[in-house]
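The values are calculated or read from the model by the stated rules, or taken from the named source; none is laboratory data. Just so we're clear, the structure is a prediction, and the values are computed from it rather than from any experiment. Every residue, glycine among them, receives a Cβ derived from its backbone with ideal geometry; neighbour counts consider all protein chains shown.
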């Protein structure tokens with residue numbers, strides 16, 4: 001039997017492992033073996049590819065693989081769990097970058113040979129998507145790491161500029177694809193000869209890279225879960241497009257699986273904010289914050305110290321903890337767990353209410369709490385925890401704001417209709433927060449001024465360790 | 001049927017399969033699913049291996065090497081960090 005048939009069958013096995021692995025990844029009990037299964041599928045695909053193709057220079061290939069594996073392995077081992085959003089963003093970028101690099105290599109190889117319109121179109125598409133994913137992910141990384149401002153960056157005529165750039169990139173792409181047929185384009189279409197492809201290809205890459213930057217900079221920090229999952233979807237699409245370039249079904253299948261996964265998460269995130277993808281991408285949400293924030297501080301709030309907060313918590317029958325991005329920033333998850341352990345020792349029932357968009361990536365809070373050793377069956381999602389607030393004694397909010405803002409029920413508010421955690425239905429609410437400053441949406445939070453709300457100001461980590469001491473003594 | 005058209009069939013069907021398979025993922029697994037899927041997008045490594053292996057000009061080789069390095073970081077880092085995360089998800 002021909003070796004390439006064996007290779008194709010091995011790819012098919014690998015595809016089956018990918019699909020079943022990703023299915024296992026969507027259930028807590030089987031997730032870990034699903035990940036292992038997907039990595040076996042990847043290994044199989046790589047080995048088969050190496051055996052099936054004529055490798056001229058084993059040394060270079062092996063050295064590149066080892067270099068990448070070492071960097072990836074060290075990053076994966078050393079990274080703090082709180083830095084997970086950045087890491088995912090970087091990995092996304094590399095996936096997109098790799099697809100673009102492969103497409104570019106194919107372009108260089110085939111340049112001037114007239115490979116046909118189909119190949120031309122697919123090379124252009126995978127370069128475009130790959131490069132947008134690459135630069136967009138790096139900007140997302142910069143925002144998450146704090147190198148680039150987390151606030152939306154906007155300037156006049158931004159949308160028009162983006163649209164023009166996009167059209168320009170498409171035009172250059174169309175020219176390149178046409179040149180793929182090996183004939184000069186008609187003069188009305190372009191002043192281009194096939195020997196100018198090189199410059200046009202560089203223009204395509206540059207345009208796509210700038211486009212990626214421009215698409216992500218106007219998006220603010222709290223909308224990052226949407227951006228990260230969208231870029232995840234793009235990295236899959238880029239790989240699938242590269243599969244079309246090379247005529248490799250393995251790439252198409254794996255790429256489209258990732259594309260679908262990213263899209264599902266994107267939709268879930270948008271739904272959790274009651275906003276459309278277009279609104280997230282172009283809305284530059286939260287820019288008018290400072291003006292509205294001026295109101296804060298005029299109304300009286302009731303603030304408590306660690307001792308008082310500890311008393312309230314220690315003598316409650318049931319406590320629901322609502323974590324937000326502030327918990328990740330302060331890295332207070334371990335102290336929080338200690339408080340919860342102490343409360344449970346006293347017989348207090350403790351659960352966690354996690355909003356889908358709390359944090360900077362989908363599932364951010366779940367990862368953080370899992371790191372602190374919190375059992376995942378205590379993490380309740382939006383609907384489940386909302387059903388329990390009526391019978392909850394105390395809600396402890398740690399570094400969350402917009403996801404508990406009752407303004408979401410006000411049709412005139414900018415966050416109107418966003419599904420929130422209805423914490424105000426609990427008997428007492430303790431808000432652990434650095435100041436009264438508004439959250440990302442830039443609006444005041446009425447919750448802070450409610451009769452049953454106690455404000456517990458300070459750095460979450462410091463205050464949480466105070467709380468550990470006080471609860472122990474209570 | 002042309003190769004492009006077969007590819008399109010595979011693309012559409014695999015996307016639909018992906019949607020079906022992942023549609024009911026619980027919030028607890030959003031991050032691991034994302035980073036696991038992310039590692040899978042490093043499948044571009046296959047393409048990078050093919051072009052680097054057959055490279056006959058310096059530019060193709062340079063781009064191919066860049067592709068292999070980036071994709072391997074993505075694959076190895078992605079699967080390992082996902083495993084590290086999933087190890088922490090436990091029911092007690």
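Just a few scattered comments:
- Residues being within 14 Å of chain B (Cβ to nearest Cβ), over 21 Å from the mean Cα position of the chain (by Cα) and surrounded by 19 or more Cβ atoms within 10 Å (Cβ to Cβ) - total across the range A:373-401: 2
- Any pair with Cβ under 7 angstrom, 6 or more apart, that starts in the range A:167-186 at a residue that is closer than 16 Å to residue A:206 by Cα and ends at one that is modelled with pLDDT under 85 and not in a helix (DSSP H, G or I): A:175/A:185; A:175/A:190; A:175/A:192
- Residue B:23 being over 25 Å from residue A:355 (Cβ atoms) and facing chain A (nearest Cβ under 7 Å): no
- Test: residue in the range B:40-52 that is in a helix (DSSP H, G or I), under 14 Å from the mean Cα position of the chain (by Cα) and closer than 13 Å to residue A:31 by Cβ: no
- Residue that is modelled with the lowest pLDDT [pool: residues in the range A:89-121 that are facing another protein chain (nearest Cβ under 8 Å) and surrounded by fewer than 24 Cβ atoms within 10 Å (Cβ to Cβ)]: A:118
- Near pairs, Cβ below 6 angstrom, 6+ apart or cross-chain, from the range A:27-38 (touching a residue at least 12 places away in the same chain (Cβ under 8 Å)) to any residue that is crowded, with 24+ Cβ neighbours inside 10 Å and part of a loop (DSSP other than H, G, I, E, B): A:34/A:25
- Selection count where residues are within 17 Å of residue A:25 (Cβ to Cβ), out of contact with any helix residue (DSSP H, G or I) (no Cβ under 6 Å at 6 or more places or on another chain) and crowded, with 24+ Cβ neighbours inside 10 Å, scope the range A:229-275: 0
- Once the range A:13-37 is narrowed to residues that are part of a loop (DSSP other than H, G, I, E, B) and at the interface with chain B (Cβ under 8 Å from one of its Cβ atoms), the residue that is modelled with the highest pLDDT is A:25.
- With respect to being within 30 Å of residue A:334 (Cα to Cα), free of Cβ contacts under 8 Å to residues at least 60 places away in the same chain, within 7 Å of another protein chain (Cβ to nearest Cβ) and crowded, with 22+ Cβ neighbours inside 10 Å, residue B:47 falls outside the description.
- The set of residues in the range A:138-149 that are more than 21 Å from residue A:208 (Cβ to Cβ) and surrounded by fewer than 18 Cβ atoms within 10 Å (Cβ to Cβ) comprises A:145, A:146, A:147, A:149.
- Residue in the range B:65-85 that is facing chain A (nearest Cβ under 7 Å) and in contact with a strand residue (DSSP E or B) (Cβ under 9 Å, 6 or more places away or on another chain) present: no
- Residue-level check: of (1) outside any helix (DSSP H, G or I); (2) more than 7 Å from chain A (Cβ to nearest Cβ), residue B:8 misses just (1).
- Considering residues of the range A:57-74 that are at pLDDT below 95 and facing another protein chain (nearest Cβ under 8 Å) only, the residue surrounded by the fewest Cβ atoms within 10 Å (Cβ to Cβ): A:57
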